[in-house]
Amino acid sequence: MRDRWLACLLCIPSLLGAQQAQLASDAARAESTIVAAQFLSDIATLASDPFQGRAPGTRGEDSAVAFLERSFRRIGLKPGNPDGGYIQRVPLVGTTSRVDATAMFGGASQRLEQLTDIVAWSLRPDTIVTVRPSDMVFVGYGVKAPEYRWDDYKGVNVRGKVVVMLVGDPPIPDPRDSTRLDTTMFGGPAMTYYGRWTYKFETGAARGAAAVLLVHQTGPAGYPWTVVQSNAREKFEVAGGPQHVPVEGWIQLDVARRLFALGGHDFAALERAARTRAFRPVSLGGTASFTVRNAVRSVQSRNVVARLDGSDTKLKHEYVVLSAHWDGYGIGRAINGDSIYNGALDDASGAAWLLAEARAFKSLAVAPRRSLLFLAVTAEEAGLLGARWYGQHPLYPLSRTVANVNMDAMNPWGRTKGIVSLGYGRSSLEDVLAREAARDGRVVRADPEPEKGYFYRADHFEFARRGVPALSFLFPGTEYLDKPAGYEARVRGEYIARDYHKPFDEVKADWDTSGIVEDTRLLFRTTLSIAESAAWPVWR
Ligand SMILES: [Zn+2]
């Protein structure tokens, strides 16, 4: 009797071991179901012309939402909304602005042409928004950051003024090495929230400015003027959202230089002055006025959400949220005769990734211990609005939301050694990612372009700012394998210049999907590990 008891005690660990081995081999099998063909098919559907570029509040939205809901249902996932459906409604206000703008310097007036000289709009929900001739004031970077003892406004009242600002953070040279940026000031080369144009518009509104114009410079903005031009379309805000400054927009660099000169100022000299703590706002010696005619409509947009219940009776009440945005730029200004902004990489590829992960997880013999939520959000391109709405109206408490894993545009250019984690080093989730990456002989890398502020430009930010640790990816591949020197810079550069937020973001015959498959498998294992664990990831 005693012997049998002993034998049984010994047999429990080996039983557990066998169970572990079975789970591991099942996970490996599920991972291997992630293949390129299904990916390409889903991307091709979402990015096809009948989906009209998937703008919120259009037939393109209806098509995309229906496709995602149908796919989740076919995969066998439960409706993610506790109300029993796959939909979370996101009430938006859509505004299409027609803008007339005039600058007056030295008694001579000149029109500021929309698209060529400026790209401006109003997010006030009024049919006519008027800004009478108002003094133009240059406020440097428009930043007030006590932690860096930085204040571009110096208490100067800009109420009713047209404020002109530079994009990005103030770039402060390192006092020991002027070829570098001072890493103790703002993020050094990395953008902080102070560099985002949303921050600049928000602070302009808080100070009662009549208009905020950002001077466009390709380097600091991260994209050329043609991408700014794609902003001249219907814009969205969540219903009951914040009060905006009457007119927001961008001014083209050469136009800004010319206006500064007409007022007797040298743009380059003021830009230099703006990089010092001593900077004070400068009245430019001229005025600008705006008449904006708005077409305003209410839109009931939708997040699509599906759930895989956890297999552990206790841990199933904790959630890991996988997310990607389904929306794109819709139909806009035609370029080379094409007016459909298909958004194949941005972000049909992310939505296809979400479906690929959903299929792989659903195929597991035993679901992970924690529950998974698959969240396809709307209106990312309008300012992370669908993700923000979810953050403000979570379907499951954020206090029980363990982590967010977000994908915004995948890597269709081949296998890479590195996977780029936005906001590198911020949370312990990265340790899990690094461990799984190492199993593929890969490494986690910091964002090679931190100056572009991608950490603030993807949907995970709406989780991160509410305390939920997040992993997020945008063009995740770096250090291409078996490719010629200069390949990475070339393919990325070509995409940003030719495709990004343009009609040419389409499925390409020469895509190499091996990187997409590898990254998706890696994130499957990473998410599985997070969802199997009982540990809570932490911010660093
Ligand atoms: Zn995107």
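The values are calculated or read from the model by the stated rules, or taken from the named source; none is laboratory data. Keep in mind that what you see is a predicted model, and the values were worked out from it rather than measured. Here the Cβ positions follow ideal geometry from the backbone for every residue, glycine too, while neighbour counts run over all protein chains shown.
The requirement of being surrounded by fewer than 17 Cβ atoms within 10 Å (Cβ to Cβ), touching a Ser or Thr at 6+ places or on another chain (Cβ under 9 Å) and within 27 Å of Arg388 (Cβ to Cβ) is fulfilled nowhere in region 75-87; no residue meets it. Among the residues making up region 508-522, those that are more than 14 Å from Leu345 (Cα to Cα) and under 20 Å from the mean Cα position of the chain (by Cα) are Asp519, Thr520.
Between Asp505, Asp431, Asp499, Asp408, the distinction of being more than 16 Å from the ligand (Cβ to nearest atom) and either over 21 Å from the mean Cα position of the chain (by Cα) or within 18 Å of Ser349 (Cα to Cα) (or both) belongs to Asp431 only.
Against the condition small (Gly, Ala, Ser), in contact with a Leu (Cβ under 6 Å, 6 or more places away or on another chain) and in the same structural domain as Tyr500 (by TED's automatic domain parsing), how does Ala387 come out, does it pass? Here the answer is no, as Ala387 does not meet what is asked. Among the numbered conditions (1) modelled with pLDDT of 95 or more; (2) more than 30 Å from Ser178 (Cα to Cα); (3) surrounded by fewer than 19 Cβ atoms within 10 Å (Cβ to Cβ), the only one that Val227 does not meet is (1).
Within region 89-136, the residues that satisfy the criterion of being among the acidic types (Asp, Glu) and either out of contact with any Lys or Arg (no Cβ under 6 Å at 6 or more places or on another chain) or modelled with pLDDT under 95 (or both) are Asp100, Glu113, Asp117, Asp126. Take the conditions (1) over 30 Å from Val255 (Cβ atoms); (2) surrounded by fewer than 15 Cβ atoms within 10 Å (Cβ to Cβ); Val304 misses just one of them, which is (2).
Between Ala205, Ala190, the distinction of being over 22 Å from the mean Cα position of the chain (by Cα) and in contact (Cβ under 8 Å) with a residue 12 or more places away in the chain belongs to Ala205 only. Among Ala509, Ala489, which is the only one that is surrounded by fewer than 20 Cβ atoms within 10 Å (Cβ to Cβ) and part of a helix (DSSP H, G or I)? When all the criteria are applied, what remains is Ala489. Kindly establish whether Ala334 is surrounded by 24 or more Cβ atoms within 10 Å (Cβ to Cβ), in contact (Cβ under 8 Å) with a residue 12 or more places away in the chain and either more than 15 Å from the ligand (Cβ to nearest atom) or under 25 Å from the mean Cα position of the chain (by Cα) (or both). No, not satisfied. Cβ-Cβ distances below 6 Å connect the following pairs, each with a first residue in region 341-355 that is on the phi > 0 side of the Ramachandran plot, a second residue that is near the ligand (Cβ under 10 Å from one of its atoms) and small (Gly, Ala, Ser), and a separation of six or more residues or different chains: Gly343/Gly328. Of the strands (runs of 3 or more DSSP E) that lie entirely inside region 54-172, those containing 3 or more residues that are without any contact (Cβ under 8 Å) to a residue 60 or more places away in the chain span 108-112. The residue of region 344-389 that is farthest from Gly94 (Cα to Cα), among those that are more than 16 Å from the ligand (Cβ to nearest atom) and of a type in the set (Phe, Trp, Tyr), is Phe361. When every residue of region 316-334 is checked against the conditions, none turns out to be out of contact with any Ser or Thr (no Cβ under 8 Å at 6 or more places or on another chain) and of a type in the set (Asp, Glu).
Scanning region 421-461 for residues that are part of a loop (DSSP other than H, G, I, E, B), of a type outside the set (S, T, N, Q) and either touching a residue at least 40 places away in the same chain (Cβ under 8 Å) or crowded, with 20+ Cβ neighbours inside 10 Å (or both) gives Leu422, Gly423, Gly425, Arg426, Asp440, Arg442, Asp447, Glu449, Gly453, Arg457, Ala458, Asp459. When region 446-492 is filtered for residues that are small (Gly, Ala, Ser) and within 26 Å of Pro171 (Cα to Cα), the ones remaining, listed by number, are Ala446, Gly453, Ala458, Ala464, Ser472, Ala489. Every condition in (1) within 16 Å of the ligand (Cβ to nearest atom); (2) modelled with pLDDT of 95 or more holds for Asp447 except the one numbered (2).
Suppose the filter is out of contact with any Ser or Thr (no Cβ under 8 Å at 6 or more places or on another chain), under 21 Å from Leu345 (Cβ atoms) and at pLDDT 95 or above; does Tyr487 pass it? So Tyr487 fits the description; yes. Hey, among the residues in region 355-400 that are among the aliphatic types (A, V, I, L, M) and under 21 Å from Pro50 (Cα atoms), which one's surrounded by the fewest Cβ atoms within 10 Å (Cβ to Cβ)? The residue in question is Leu355.
Tallying residues that are under 19 Å from Thr526 (Cβ atoms), among the small types (Gly, Ala, Ser) and within 15 Å of the ligand (Cβ to nearest atom) within region 450-469 yields 1.
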